[in-house]
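For reference, the structure is listed below as C-alpha cells.
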Amino acid sequence: MIISRISRFISNFDNLLALFAGACAVLAVLFVLFLPLPYSEDQLYPKEIDESSPLYPYERGGTPFERADIHVQYPENSPFAGYVTAYLTPFSLALSRLTPHAGTTIVAHPGGILDEILYNTRGLDTVVETTILFIAFAIGSYLFRKGS
Amino acid sequence: MNELLLGAFGALLVLGAGATILEHDPYKKIISLSVLIGGAIPFIVDRGLLDVATAVALIAPLSTIFILMAVRRAAP
Amino acid sequence: MNPEFVLGLFLILAGTVSVAFPRRKDYITRLINLEIPAWGLLLLMLSYNEALALLTFGAVTALTVYIFVRVIQKREGDA
Amino acid sequence: MIGIGGQPLFMLPFGDIVLYFTPFTLTLFILALVFTVLVIISKPERQIDIVFGGDAYLAKEISISEMKFRRFMAIACGLASMGAMVTGDIFDFALFTSLVGICNVGIVAAVKSRHVQNAAYQYGLVAMSATVPLFAGAAIVAATTGTLSILELALPGATKVPLFVKALLTLGVMGEGMAPFYAAKAEMFRAPGAPYVIMCSLSSLLIFLRVIEVVLTV
Amino acid sequence: MWNEYSVGLALVMISAVIGFLALLREQDDLHRLLIIDLVEIPSLAIIALLGTDLAEALILPGLVVGIAELLALSQIYVTKEGLRKRPVRGLHIEVVERAHAPVIIPALLVGYGIVLSGFTGGAVAALGAIFFVISRGSTDSYELVEMASGIAWAAWIASFFVFMFFPQYWYAGVMGAAVGILVKVAAKMTLVGSMWGEAE
Amino acid sequence: MEVITTQEIAILVCAAIGVISAVRVIAERNTMKKLPFLNVLSFAIAGSLALLLPDPLTILAAAAYFVGTTLESNAIASSYAGGPKNDE
C-alpha cells in the first residue's frame, strides 16, 4: 500500500530532513516563478545617507538630549523614542570631531539608531533572542559536562 | 572609485572565487581565498567605512588560521 | 544597482553552488567554500550601507568556522 | 479587527511590539500557562521495565540533574509558547517559534541514549533549517507591506501579504513544530519523563494553531 | 516591476533552492550541518535586501539565533557520535605560538569590542578571547564566566523593563542594555573557546 | 579623455600590480612558490588602500590589512612546512 510506504518513510527520522528540504526547495521554486513582488515605499525606520556627515552612514538627525525624528510603528507606545538615537557619549562626540570616517564605531557605542530599535522600540525581540542564546548554550554546556 | 579600479578589484574578486572553487588542495584553496579577500577590502574602504575595514581586515586572517587548524589533520 | 550588489549576488550564487556540489566532497572543502558566499553576503550588506550588520557578520562567521573546526577535528581525529 | 481571532480584549504594548489577547489567543495562552504550571509542580514519572517472562522488574535510574535540566527546558518551552501565542509582531513570532524549537531539542537531547540523541540531532537540523523560511517570510512581509505588526496588517485598508509569503511562514512553523513526528517513534516515549515529552507535542500544536490564525488574519 | 529588490530576491531564492537540493541528497550528518549553515546565508541576504534600518535590527537577532543553534547542534553531534573523549589538537603554528601576534590582536579586538558594546562588541570581543585561549592554552574559570553571563542577562532584562515602564530614565536603560548584552554575548562565546578539549 | 592626476596613476599602477600578481598566484602550481606572489598582492592592495582615501585613518586600515595578511601567509607557510611532518 502506498500509505504504509509513506508512513514507513516518515517514521524513519533520517528521512524527515530530506522531506522538509524538498518541501522548502519546491516552495522556493514556486516563489521565484511568482516574482516580482512590489516593494512598499512606506517603510518603517527608513534610512537616508548623508555622506558629508561625520556619523556617515548612520546620520539620523537630532542633537544629544534632544529628540530625533524617527518613523516608528506606534509612537504613542514609546514616548521617549528618539532620544537614544540622538544621544552621543562623550567618547563618540570626540571621535566624531576627530575623524569623519568612524560612523560605525560611533553608532555601535551606546546611543544611536540601532540601539534605539534593538533596546527600546523592538526590545522584546532582543529579549527572546538572548534567551535563545542562553537556552542553546545551556544545552551545549549540559551535554559537554554531563553527557553520556 | 573609477571604472578601471572597479574592474581591477572586481577581477580580483572573481579570480579569487573561481580559483577557490576550482582548486583541490586545501592550502591552495586558502591562498586563493586570500586573493578574494584582497579584492573585497577596497570596496569597504572606498565607501569610507574605515573602522569597519580595519576590523574586517583583522578578523579575516583569524578565520583563515582557524581553518588551518583543521587542514593540518587532513593533510597526508 | 551598484557594483557591490552585483558582485555580492554573483559570489553568493557561485559560492552556494560550490558548497552544495563541491569538486571534492570532504569537510574541509566545504568549510573553505563556505567563506565565498559569506563574503558575497558581506558585499551585499555593504551595498545597502549596513555597516554594523557587516561587522557583526564578519565576527560571527569566524566564530562559526571555529565551531566547525572543533567538530571536524573530533570527527577526523583518531580514537 | 476581523478574523477568526475575534476582537482583541486587551493589549499589552512593548514599544512597537504589541501583545494582544483575543478570545482565541487567550484560550491558547491559558492552555500553555496551565500546562507550564503542571510541569512545574508535577513529579516526573519513574519508568519501570518489566523483565519479560519473569516477575522481576527494575526501575530505570535517572539522574537528578537530567530531570532538573529537562524540567528547566520544559518550563522554558512553556514560556516560549505563551509568548508565541500572544505576540502581535511577525518577526517576534518567528523568534518565539525558533525558541520553542530549540527548547524541544533540549528536552529530547538530555536523554542519555544514543538513539534518542540521534533523533534530537535530526530534529535540531530540521528546526535550524526551518528558521530560513521563517525569517525570510518575515522579512518579505516587511518589504512588501512596510510593516510587521499583525494588528496593522489586519486593518481593512492594509496591503495584503502575498500568498506565497504566508506559505513560507507556515512551512517554517511546520519545521519548528515537527517534534511530534519524532515523538511518534516509540523510542521517544520510552525515554523517561512523561510530562516533558508531552510539552513538545503541546507546544507544536499551539504554535501551529497560532500560525493558522496569523496567516488567516494578515 | 522588476526592481532591484525583486532581482535580488530571485537570485537569492535560487541559491536557497540549490542549498536545499544539496540538503535533500546529503546523507552524512556533519555534511548536513555544513549545508544548513550555508542555507542560513540566503535567509540573511533576504533580510539584508530590505535595506532599511529595520533590516539591520532584524539581521543581528538572525545571526545570533543561527550561531546559537549551531553551537547546540554541534555539541549534540559530538555526544551522539561518542566523540567526547577524543583529543583535539590545538594550534601548533610557530608564527602564532612564538610571536607577539596572539597577544596584540586579541588585545586590540577585545578593546575594540568593549568600545563597540552590544551584540557587535560581544562577538568581536569573544573572537579575540577565543583566539587568545586557543593559542595560549585553556582557561579554568568556567563557573565564574558563566555566572558573569547570567548577571549580565539579568542586567539586560532590567534595562528592558526600564525602557518599557520608566521611559524617562532611558539613559540608564541604554547603558545597562549595552553593557549587559556585551558581557553576555562575549561570555557565552568565550565559553565556547574553553569547551575546546574535554570536560574535566 | 579626462585628465589623470599623479595620485590616480599611482593607484592604477598599484591595482595593476595587484591583478598581475593575483594571476601569477593562481597560475603558479607549487604551493610554496605561491606565497611570495601573495605577499606582492597584499603590498599592492595595502598601497592602493592607502591611496584610495586621503585620510590618516586609511593608513591604519592599510596597516591592519597588511599585518593581517602577513600573519596569514606566515601561518600558511609554517603550517604547510611543519604540519604534515609532525604527524609522523
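The values are calculated or read from the model by the stated rules, or taken from the named source; none is laboratory data. Since the model is a prediction, treat every value here as computed from it, not as a measurement. A quick note on method: Cβ atoms are made from the backbone with ideal geometry, for glycine too, and the neighbour counts reach across all protein chains shown.
Would you call E:Asp37 acidic (Asp, Glu) and within 8 Å of chain A (Cβ to nearest Cβ)? No: the conditions fail for E:Asp37.
Among the residues of segment C:4-30, those that are surrounded by fewer than 18 Cβ atoms within 10 Å (Cβ to Cβ) and more than 10 Å from chain E (Cβ to nearest Cβ) comprise C:Arg23, C:Arg24.
What is the residue count in segment D:137-182 for residues that are over 24 Å from D:Ile102 (Cα atoms), assigned to a loop (DSSP other than H, G, I, E, B), in contact (Cβ under 8 Å) with a residue 12 or more places away in the chain and within 8 Å of chain A (Cβ to nearest Cβ)? Number of matching residues: 3. Just a yes or no: is a residue in segment B:60-67 at pLDDT 90 or above, in contact with a Phe, Trp or Tyr (Cβ under 8 Å, 6 or more places away or on another chain) and either farther than 18 Å from C:Gly58 by Cα or facing chain F (nearest Cβ under 7 Å) (or both)? No, that holds for no residue.
Going by what's in this entry, would A:Gly22 be described as in a loop (DSSP other than H, G, I, E, B) and among the small types (Gly, Ala, Ser)? No, not satisfied. Within segment D:82-122, being under 30 Å from E:Leu49 (Cβ atoms) and not aliphatic (A, V, I, L, M) holds for D:Gly83, D:Thr87, D:Gly88, D:Asp89, D:Phe91, D:Asp92, D:Phe93, D:Phe96, D:Thr97, D:Ser98, D:Gly101. When A:Leu95, A:Leu27 are checked against the criterion of being in a helix (DSSP H, G or I), touching a His at 6+ places or on another chain (Cβ under 9 Å) and of a type in the set (A, V, I, L, M, F, W, C), A:Leu95 stands alone in meeting it. Residues of segment B:19-54 that are among the aliphatic types (A, V, I, L, M) and either facing chain F (nearest Cβ under 8 Å) or under 12 Å from the mean Cα position of the chain (by Cα) (or both): B:Ala19, B:Ile30, B:Ile31, B:Leu33, B:Val35, B:Leu36, B:Ile37, B:Ala40, B:Ile41, B:Val45, B:Leu50, B:Ala53. When E:Leu83 is tested against the conditions (1) in a helix (DSSP H, G or I); (2) more than 9 Å from chain A (Cβ to nearest Cβ), the lone failure is (1). Among residues of segment D:145-196 being β-branched (Val, Ile, Thr) and touching a Lys or Arg at 6+ places or on another chain (Cβ under 9 Å), the one that is modelled with the highest pLDDT is D:Val173.
Scanning segment A:96-140 for residues that are at the interface with chain E (Cβ under 7 Å from one of its Cβ atoms) and over 22 Å from E:Ala172 (Cα atoms) yields A:Ile132, A:Leu133, A:Phe134, A:Ala136, A:Phe137, A:Ile139, A:Gly140.
Every residue, every condition in (1) in contact with a helix residue (DSSP H, G or I) (Cβ under 6 Å, 6 or more places away or on another chain); (2) more than 7 Å from chain E (Cβ to nearest Cβ); (3) closer than 26 Å to B:Leu50 by Cα, yes or no:
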site	(1), (2), (3)
C:Pro37	yes, no, yes
C:Met45	yes, no, yes
C:Ala62	yes, no, yes
C:Val65	yes, yes, yes
C:Val69	yes, yes, no
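Looking only at segment A:42-71, which residues are at the interface with chain E (Cβ under 10 Å from one of its Cβ atoms) and among the hydrophobic types (A, V, I, L, M, F, W, C)? Answer for segment A:42-71, where residues must be at the interface with chain E (Cβ under 10 Å from one of its Cβ atoms) and among the hydrophobic types (A, V, I, L, M, F, W, C): A:Leu44, A:Phe65, A:Ile70.
Tell me, which residue of segment D:78-135 that is of a type in the set (Gly, Ala, Ser) and farther than 26 Å from E:Gln27 by Cα is surrounded by the fewest Cβ atoms within 10 Å (Cβ to Cβ)? Checked segment D:78-135; the qualifying residue surrounded by the fewest Cβ atoms within 10 Å (Cβ to Cβ) is D:Gly83.
Find the residue count for segment A:74-92, including only residues that are part of a loop (DSSP other than H, G, I, E, B), more than 10 Å from chain E (Cβ to nearest Cβ) and not hydroxyl-bearing (Ser, Thr, Tyr). Within segment A:74-92, residues that are part of a loop (DSSP other than H, G, I, E, B), more than 10 Å from chain E (Cβ to nearest Cβ) and not hydroxyl-bearing (Ser, Thr, Tyr) number 3. Annotation: of all residues in segment A:84-94 being surrounded by 21 or more Cβ atoms within 10 Å (Cβ to Cβ) and touching a residue at least 24 places away in the same chain (Cβ under 8 Å), the one that is nearest to B:Asp51 (Cα to Cα) is A:Leu88. Which of the residues belonging to segment D:86-117 are outside any helix (DSSP H, G or I) and closer than 29 Å to D:Leu151 by Cα? D:Thr87, D:Gly88, D:Asp89 - these are the residues of segment D:86-117 that are outside any helix (DSSP H, G or I) and closer than 29 Å to D:Leu151 by Cα. Is it fair to say E:Leu21 is surrounded by fewer than 24 Cβ atoms within 10 Å (Cβ to Cβ) and under 21 Å from D:Gly137 (Cα atoms)? Yes: the conditions hold for E:Leu21. Take the conditions (1) without any contact (Cβ under 8 Å) to a residue 40 or more places away in the chain; (2) of a type outside the set (D, E, K, R); (3) within 9 Å of chain A (Cβ to nearest Cβ); (4) surrounded by 24 or more Cβ atoms within 10 Å (Cβ to Cβ); E:Ala45 misses just one of them, which is (3).
Restricting attention to segment B:21-36, does a residue exist that is hydrophobic (A, V, I, L, M, F, W, C), more than 30 Å from E:Thr120 (Cα to Cα), surrounded by fewer than 24 Cβ atoms within 10 Å (Cβ to Cβ) and in contact (Cβ under 8 Å) with a residue 24 or more places away in the chain? Checked segment B:21-36: no residue is hydrophobic (A, V, I, L, M, F, W, C), more than 30 Å from E:Thr120 (Cα to Cα), surrounded by fewer than 24 Cβ atoms within 10 Å (Cβ to Cβ) and in contact (Cβ under 8 Å) with a residue 24 or more places away in the chain. Taken residue by residue, segment C:49-69 has at least one member that is part of a loop (DSSP other than H, G, I, E, B) and either under 25 Å from E:Gly51 (Cβ atoms) or of a type in the set (Gly, Ala, Ser) (or both).
Of all the residues in segment A:43-78, those that are under 20 Å from E:Met175 (Cβ atoms) and more than 22 Å from the chain's Cα centre (by Cα) number 6.
Just name the residue that is nearest to E:Leu24 (Cα to Cα) out of those in segment A:28-41 that are more than 9 Å from chain E (Cβ to nearest Cβ) and touching a helix residue (DSSP H, G or I) at 6+ places or on another chain (Cβ under 6 Å). Out of the qualifying residues, it is A:Phe34.
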